[in-house]
Each structure stands twice: as C-alpha cells, then as structure tokens.
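The values are calculated or read from the model by the stated rules, or taken from the named source; none is laboratory data. Remember, predicted model here, so these are calculated numbers, not experimental data. Counting neighbours? That spans all protein chains shown, and the Cβs are built from the backbone with ideal geometry, glycine included.
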Amino acid sequence: MAAAFTAAGHPVLSPGRGELDVTDRRAVDAFFRVHAPDLLICNAGLTRDAPLARLGAEEWDAVIAANLTGAAHCSAAASRAMIRARRGHIVFISSFSALHPPPGQAAYAAAKAGLIGLGKSLAKELGPAGIRVNTVLPGFLETPMTAAVTAGRRDQVIREHALGRLNTPDAVAAFVVHLHDHLPHTSGQVFQLDSRIS
C-alpha cells in the first residue's frame with residue numbers, strides 16, 4: 001500500500017507496530033497531534049482463532065483492540081485535522097470474514113464486521129465536513145498473516161473463488177489508490193475485491 005501511494009506521488013507515513021501502537025489511545029493522540037494526514041488507511045490486523053468457548057478473554061480483547069478499537073482511535077484522532085481542513089478520506093481494511101466467517105474466527109469476524117458499521121456511521125458523521133469514509137474487503141491474500149494457513153484450507157479458499165485464483169496485495173493497493181484519487185464522490189461504501197460470491 002505504501003509503495004503504491006508513493007508511486008502515485010503521495011507522501012506516505014507507514015508506522016509499524018514499533019512506531020505506533022494503535023491500541024494505545026495516548027500514543028495515537030500524540031502521533032496525530034504531529035501528523036495531519038488527508039488519507040488514513042486503517043490496516044492493522046491480528047488473529048487469534050479458536051472456538052469461542054475456548055478463546056480466552058485476553059485473546060478476545062487483543063483481537064478487538066487491534067482490529068476495531070485501534071481503527072476507531074486513529075479515526076477519531078486523524079479526523080480532527082480533516083474536519084478543520086474540510087477534506088479527508090478514511091479507508092478501513094476489513095475482511096471477507098466480516099460477512100462470511102469460518103468456524104473459530106468469532107473475534108476476528110466481529111472486529112472486522114465492526115469496521116463496516118464504523119465506516120458507514122463515520123461516513124454520515126463526517127460527510128458534512130467533506131470527509132469520505134470507505135471500507136475495503138481485500139479477499140484472501142498471500143501475506144505473513146495467512147502464511148500459517150494449511151495447504152488444504154488454501155485450496156478450499158481458492159475453490160470458493162469464481163475465478164479460481166486469489167487476489168494480490170498489489171491489486172488491492174492499486175484499487176485503494178484509485179478509490180482515493182479518482183472517486184471523490186464515493187463514501188460510505190463497502191468494496192469486496194475478490195471473486196467469492198455470497
């Protein structure tokens with residue numbers, strides 16, 4: 001994502017976990033007092049998959065904090081400068097699991113579904129200030145987060161795709177650049193980018 005926006009001529013800040021802990025509201029507020037982006041992409045993700053009855057409270061809280069609460073913290077902090085500027089764009093990276101979760105992914109699915117509701121609510125809340133809010137469901141990607149998925153599960157996921165192939169991080173990044181640069185009147189929308197049909 002950072003490389004795609006840099007190539008499109010945008011200045012990019014891409015703080016990793018060591019630079020910005022999105023679950024720490026004080027750290028988030030401090031970061032956005034210094035930085036005032038016109039685009040915020042909430043892309044933090046964490047899974048702790050297990051049947052709900054065996055999922056500990058700490059694991060549940062960690063998943064909700066990283067995927068949902070952190071996005072809310074960042075949106076609240078970044079939107080202050082956007083409201084003053086009367087422009088801006090927030091993009092939430094959700095998941096197909098928000099709509100069609102597999103067994104054992106209750107916490108992740110709940111958090112990613114929460115991003116869809118958060119995005120629609122903020123689109124209405126911030127729209128009068130000229131701020132867009134959209135949510136993207138990239139699909140199953142080959143990333144470090146999915147590296148531990150078994151070959152059998154990966155094959156099953158591919159069979160669920162009408163095209164018989166997975167989306168790619170580069171294609172997702174190109175879509176988000178296009179959404180930001182070329183769809184200035186689009187807000188409150190949810191975009192599913194793979195070929196699974198629900």
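General remarks:
- Among residues of region 105-129 that are more than 20 Å from residue 66 (Cβ to Cβ), none has a beta-carbon under 7 Å from a residue that is surrounded by fewer than 19 Cβ atoms within 10 Å (Cβ to Cβ) and among the acidic types (Asp, Glu) at least six positions away or on a different chain.
- Checked against (1) out of contact with any Leu (no Cβ under 7 Å at 6 or more places or on another chain); (2) of a type outside the set (A, V, I, L, M); (3) touching a residue at least 12 places away in the same chain (Cβ under 8 Å); (4) farther than 20 Å from residue 114 by Cβ, residue 146 passes all but condition (3).
- Residue ID - nearest to residue 49 (Cα to Cα), chosen from residues in region 150-198 that are surrounded by fewer than 13 Cβ atoms within 10 Å (Cβ to Cβ) and touching a residue at least 40 places away in the same chain (Cβ under 8 Å): 198
- Contact annotation: no residue pair with Cβ atoms under 7 Å, 6 or more positions apart or on different chains, pairs a residue in region 72-84 that is in contact (Cβ under 8 Å) with a residue 24 or more places away in the chain and on the phi > 0 side of the Ramachandran plot with a partner that is crowded, with 23+ Cβ neighbours inside 10 Å and part of a helix (DSSP H, G or I).
- Filtering 72, 7, 30, 65 for residues that are of a type outside the set (Val, Ile, Thr), crowded, with 18+ Cβ neighbours inside 10 Å, at pLDDT 95 or above and farther than 18 Å from residue 90 by Cα leaves a single hit, 65.
- Breaking point among (1) more than 21 Å from residue 136 (Cβ to Cβ); (2) β-branched (Val, Ile, Thr); (3) without any contact (Cβ under 8 Å) to a residue 40 or more places away in the chain, for residue 12: (1)
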